[in-house]
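Quick notes on the structure that follows.
The values are calculated or read from the model by the stated rules, or taken from the named source; none is laboratory data. In this text, all values refer to a predicted model and were calculated from it rather than measured experimentally. Glycine also receives a Cβ, built like all others from the backbone with ideal geometry; neighbour counts cover every protein chain displayed.
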Amino acid sequence: MRKIIDCHCHVYPEKIAAKAVESIGRFYDIEMDNNGTLDDLKNAGAAAGITHYVVFSVATTPHQVGSINRFIATTVEAHKGLMTGLGTLHPDSPDQKADIDELIALGLKGVKLHPDIQGVAIDDDRCMKMYEICQGKLPMLFHTGDFRYDFSNPDRVKHIMDTFPDLKVIGAHFGGWSIWEKATEELKEYKNFMVDCSSSLYAISPEVAKKLVREYGAERVLFGTDYPMWSPEDELQRFFAMGLTDEENELILHKNAERLFGIE
């Protein structure tokens, strides 16, 4: 059986999933393909052939950090071998180090930040303090790009990479949603910078996507669906439309994630 790790899955407790998905759909002015619950993620993923999920949620206020991280950790514990969890942080937390220490103690394998939703530039001084603590310990997955905002443009990512050369960073959406080629040109030189292909393959041609993969190198690309935004089945069809080699597919679909997050 082919291994496929979905490295970009937003999940929510059942009691708030509908509200969360509606809010995100409104934020992006799109209709979401799925409902954001764990059961739906597993069902949609299984239908597409997904064998492992990297799950997370984003704190929009400091007081949400602990509860979200505990929810993700509990979710992973209940799905050993099927799920890996990333934590969340918030720039306005009164004790970022304590949040990070708890996140590590919970067994979470990285941090997801969404500057647009959290309303902060990704290289804001408050965020830079997080990276200083996380450097060498936890990879950071950032939402990057979006022409509507200036929170995570390539210059801001470069500022982070230049300041913290040992920080492992994953730029979601090929490193810059809506500015894919510009971001790739500016960020491909940073060897500790990886990307995922989430929320991109629907918007760019297979030829352009394949070019981006080759620019970064397949060893620095992760597969992700941005669940619940897109159907996993549709995203895999778009992925295979690139016509990559078997070796490239294996790296992107599971080997890179296994190496980065310690997935067995």
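Quick notes on this structure:
- Residue in segment 17-46 that is nearest to Ala172 (Cα to Cα), counting only those that are exposed (fewer than 14 other Cβ atoms within 10 Å of the Cβ) and among the aliphatic types (A, V, I, L, M): Ile30
- Flag: Val120 matches the condition of being assigned to a loop (DSSP other than H, G, I, E, B), under 18 Å from the mean Cα position of the chain (by Cα), under 27 Å from Ala183 (Cβ atoms) and β-branched (Val, Ile, Thr).
- Candidates in segment 224-247 are the residues that are surrounded by fewer than 21 Cβ atoms within 10 Å (Cβ to Cβ) and of a type in the set (Ser, Thr, Tyr); of these, the one that is nearest to Asp40 (Cα to Cα) is Ser231.
The rows are residues; the columns are (1) within 23 Å of Lys109 (Cα to Cα); (2) at pLDDT 90 or above; (3) among the β-branched types (Val, Ile, Thr); (4) touching a strand residue (DSSP E or B) at 6+ places or on another chain (Cβ under 7 Å).
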| site | (1), (2), (3), (4) |
| --- | --- |
| Lys19 | no, no, no, no |
| Glu22 | no, no, no, no |
| Arg26 | no, no, no, no |
| Asp29 | no, no, no, no |
| Gly36 | yes, yes, no, yes |
| Asp39 | yes, yes, no, no |
| Lys42 | yes, yes, no, no |
| Val55 | yes, yes, yes, yes |
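- Selected residue (criterion: surrounded by the fewest Cβ atoms within 10 Å (Cβ to Cβ)) from residues of segment 152-187 that are over 16 Å from Asp123 (Cα atoms) and of a type in the set (Ser, Thr, Tyr): Ser178
- Trp230 being free of Cβ contacts under 8 Å to residues at least 60 places away in the same chain and not charged (D, E, K, R): no
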